[in-house]
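Reading through the structure tokens given below for one structure.
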Amino acid sequence: MTDVTDKIWDVIIVGAGLGGGLCGRALAEAGLSVLFVEQGPATPRQAENGQESEHEDPFARLMYGTWPLPVESTVNGKTTTEYGSQGAGMGGTSVFYAAALEQPERHDFETTPEMPHPTGGWPVGHDEFQPWYDRARQLMCVNGGQDPLGDPVTGLAEPRPLSPRDAALGQALERVGLHPYRAQLGIRQLEGCMECIGRKCPRDCKMDGRSAGVLPALATGRAEVLHGARALVLTGQDRAVSGLRVQRDGAELDLRGRAVVLAAGALASPRLLMASATPAWPQGGADSSGLVGRGLMFHINERIAIWPPRDAPPPSPGPLKTFSLRDVYAHKGDRMGLFQSLGLPADYGNILHVLHERYDASPLRRLGMGREFMRIPALIAARMLGEARVFAGILEDLADDANRVRFDPDRPEMMIYDYTMSDELLARRKRFRRLLKTRLKGVRSMWLNHVPELNIAHPCGTLRFSDDPKRGVLDRDCRAHDLDNLYVVDGSFMPSSTGVNPGLTIVANALRVAEAMTRRLKAQT
């Protein structure tokens, strides 16, 4: 501990997830010293538990890699306090993710002849981002197929062969005029790969913030991880951050660095800035614009069970997360999104999980014992659905500054956010559902949700970047407009949510920011 606190690190990274891990790897490989500050403890590499935990004790939850405290959310005026989808520990949330690493399309970044951009466009456009997506696919060992409706991408490894049953499902989708392609996944094709979707990978097949980021950074000998350290406040004055104050084992420690990177996620990173209010930073760190925490976005999920043809071969071993489709990615000027396999069968366990989620969010929760009776409808539904595959449509969300992360100084450890679904979003969702229903005619399917569902695993946009300091917290290099040595590499930087999972964009941007940081820090020595 003396070495950690005595040393002035080149870079302190708050969070060891997807963005922080890959940024730290690039910085360490460039010769800089890196300290990852991670709230979660060091846990065994062989652990393979899922993200769901029955534990309510914060220490036990941290040991399983799940966030220790509930998240307070007010959605459409209704306040609930439930455990969220955030992870803790090396790799963060990404150790549980489904490894979908798809690239957004040009209209996600900038205005095109067919599609105006709602923000006027990102400060860094499609072509400038492209080489970083190529590098991200290489480091994340992405495998998959080319989208037949879009421009080809480079660096895709060959995916594992489909099972005969899933091949029949793909043919059925093609027969109704759709264009499925093999989903682009950050999973190395190793012998015995279990496709650890939704749970920790005990090996290193699944490329996440740990396997593709933190561990390679540690292998350079220039990076360390400070486990079990909760970030309290940024320290510094005027336009410079001097370091970070953390709490570890009941004591407060001051860490010093030439630069600090926030990579704690779109809910926790703005909260840390708000907590860092001082006479020098009366509104909190980097908040002269008043936009810290504002513009919170997710995605809206639409879940559908789809069966292969009745004469399809019986189930057999093979990859589970098989197809993506972009047939409904955009339609007549509407920003829609990806339609993809979730890698989940519509079996009893997954249906029960969905029913439990609905029960927990309903007034019936107050009855207490009613949750146990969800097993009966889950069994009935599982028999009805049989060997269906669960697909999800991802509807793009757009920024509204009223949707925001909040900080309560009386509860500094709590993550709190407000979110209201706009009339525009709800109307676009109706069009999205109608479009999906039309395009899936001729395929056996069943909708699994009816009310709008936030994908709470995809928060973004709360520290967005902009060339204009009045419209964003960060500049084009994701450096704070107000602080010369503070950077952000999680999903907070995104001005719009795009129509795909945010993972590959977070990795590409983290690598891009790492190069800008390396140039700047080396020029200062």
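Those residues that are in contact with a Cys (Cβ under 6 Å, 6 or more places away or on another chain) and either aliphatic (A, V, I, L, M) or part of a helix (DSSP H, G or I) (or both), I need them from the stretch 499-512; list them, please. Matches in the stretch 499-512: Ala510 only. Considering only residues in the stretch 132-151 that are modelled with pLDDT of 95 or more and over 21 Å from the mean Cα position of the chain (by Cα), the one that is nearest to Ala183 (Cα to Cα) turns out to be Gly145. Every listed requirement among (1) over 26 Å from Glu48 (Cα atoms); (2) without any contact (Cβ under 8 Å) to a residue 12 or more places away in the chain is met by Arg245 save one, (2). If we keep just the residues of the stretch 442-495 that are surrounded by 21 or more Cβ atoms within 10 Å (Cβ to Cβ) and small (Gly, Ala, Ser), which is nearest to the chain's Cα centre (by Cα)? Going through the qualifying residues, I end up with Gly491. In the set (1) in a loop (DSSP other than H, G, I, E, B); (2) out of contact with any helix residue (DSSP H, G or I) (no Cβ under 7 Å at 6 or more places or on another chain), Arg61 fails one condition alone, (1). Taking the stretch 201-229, which residues are charged (D, E, K, R) and in contact with a strand residue (DSSP E or B) (Cβ under 8 Å, 6 or more places away or on another chain)? If the condition is that a residue be charged (D, E, K, R) and in contact with a strand residue (DSSP E or B) (Cβ under 8 Å, 6 or more places away or on another chain), then Lys206, Arg222, Glu224 are the ones that fit. Scanning the stretch 290-329 for residues being within 27 Å of Val488 (Cα to Cα) and surrounded by 20 or more Cβ atoms within 10 Å (Cβ to Cβ) gives a total of 11.
Looking at the stretch 392-412, can you tell me whether even one residue there is in contact with a helix residue (DSSP H, G or I) (Cβ under 8 Å, 6 or more places away or on another chain), surrounded by 18 or more Cβ atoms within 10 Å (Cβ to Cβ) and under 24 Å from Ala168 (Cα atoms)? Yes, that holds for at least one residue.
The sole residue among Leu262, Leu253, Leu234, Leu267 that is farther than 25 Å from Leu22 by Cβ and in contact with a strand residue (DSSP E or B) (Cβ under 7 Å, 6 or more places away or on another chain) is Leu253. Only residues that are in contact (Cβ under 8 Å) with a residue 24 or more places away in the chain, part of a loop (DSSP other than H, G, I, E, B) and out of contact with any Gly (no Cβ under 8 Å at 6 or more places or on another chain) were counted in the stretch 449-462, giving 4.
Against the definition (buried (at least 23 other Cβ atoms within 10 Å of the Cβ), touching a helix residue (DSSP H, G or I) at 6+ places or on another chain (Cβ under 6 Å), touching a residue at least 40 places away in the same chain (Cβ under 8 Å) and not β-branched (Val, Ile, Thr)), how does Gly20 come out, yes or no? When the stated conditions are applied, Gly20 does not pass them. Of all the residues in the stretch 477-519, those that are among the charged types (D, E, K, R) and touching a strand residue (DSSP E or B) at 6+ places or on another chain (Cβ under 8 Å) number 4. No other residue among Arg383, Arg389, Arg375, Arg366 is at pLDDT 75 or above, of a type outside the set (Asp, Glu) and more than 29 Å from the chain's Cα centre (by Cα) apart from Arg375. Tell me, please, whether a residue that is under 25 Å from the mean Cα position of the chain (by Cα), closer than 30 Å to Tyr348 by Cβ and part of a helix (DSSP H, G or I) can be found in the stretch 418-429. Yes, some residue in the stretch 418-429 is under 25 Å from the mean Cα position of the chain (by Cα), closer than 30 Å to Tyr348 by Cβ and part of a helix (DSSP H, G or I). Looking across the stretch 1-38, just one residue is acidic (Asp, Glu), under 19 Å from Ala212 (Cβ atoms) and in a helix (DSSP H, G or I), and that is Glu29.
Just checking, how many residues over the stretch 152-170 are free of Cβ contacts under 8 Å to residues at least 60 places away in the same chain and either part of a helix (DSSP H, G or I) or not small (Gly, Ala, Ser) (or both)? Of the residues in the stretch 152-170, 6 are free of Cβ contacts under 8 Å to residues at least 60 places away in the same chain and either part of a helix (DSSP H, G or I) or not small (Gly, Ala, Ser) (or both).
Of the candidates Thr525, Thr498, the single residue that is in contact (Cβ under 8 Å) with a residue 40 or more places away in the chain, among the hydroxyl-bearing types (Ser, Thr, Tyr) and either in contact with a helix residue (DSSP H, G or I) (Cβ under 9 Å, 6 or more places away or on another chain) or at negative phi (or both) is Thr498. When Arg271, Arg258 are checked against the criterion of being over 26 Å from Arg520 (Cβ atoms) and in contact (Cβ under 8 Å) with a residue 60 or more places away in the chain, Arg271 stands alone in meeting it.
Which condition from (1) assigned to a loop (DSSP other than H, G, I, E, B); (2) touching an Asp or Glu at 6+ places or on another chain (Cβ under 7 Å); (3) not hydroxyl-bearing (Ser, Thr, Tyr) is the one that Gln189 breaks? In the conditions (1) assigned to a loop (DSSP other than H, G, I, E, B); (2) touching an Asp or Glu at 6+ places or on another chain (Cβ under 7 Å); (3) not hydroxyl-bearing (Ser, Thr, Tyr), Gln189 misses (2) alone. For the stretch 66-99, taking the residues that are among the β-branched types (Val, Ile, Thr) and under 20 Å from Leu296 (Cα atoms), the one that is surrounded by the most Cβ atoms within 10 Å (Cβ to Cβ) is identified as Thr93. Every condition in (1) of a type in the set (Asp, Glu); (2) assigned to a helix (DSSP H, G or I); (3) buried (at least 18 other Cβ atoms within 10 Å of the Cβ) is met by Glu515 except one, and the failing one is (3).
Looking across the stretch 84-130 at every residue that is assigned to a helix (DSSP H, G or I) and hydrophobic (A, V, I, L, M, F, W, C), the one that is nearest to Ile506 (Cα to Cα) is identified as Phe129. Does the stretch 287-305 contain any residue that is without any contact (Cβ under 8 Å) to a residue 60 or more places away in the chain, farther than 29 Å from Gly192 by Cα, touching a helix residue (DSSP H, G or I) at 6+ places or on another chain (Cβ under 9 Å) and not hydroxyl-bearing (Ser, Thr, Tyr)? Within the stretch 287-305 (the criterion being without any contact (Cβ under 8 Å) to a residue 60 or more places away in the chain, farther than 29 Å from Gly192 by Cα, touching a helix residue (DSSP H, G or I) at 6+ places or on another chain (Cβ under 9 Å) and not hydroxyl-bearing (Ser, Thr, Tyr)), the answer is no, since none of the residues qualifies.
The values are calculated or read from the model by the stated rules, or taken from the named source; none is laboratory data. Treat the numbers as computed from the prediction; the structure is a model and nothing was measured. Positions of Cβ are generated from backbone atoms using ideal geometry, with glycine treated the same way; all protein chains shown enter the neighbour counts.
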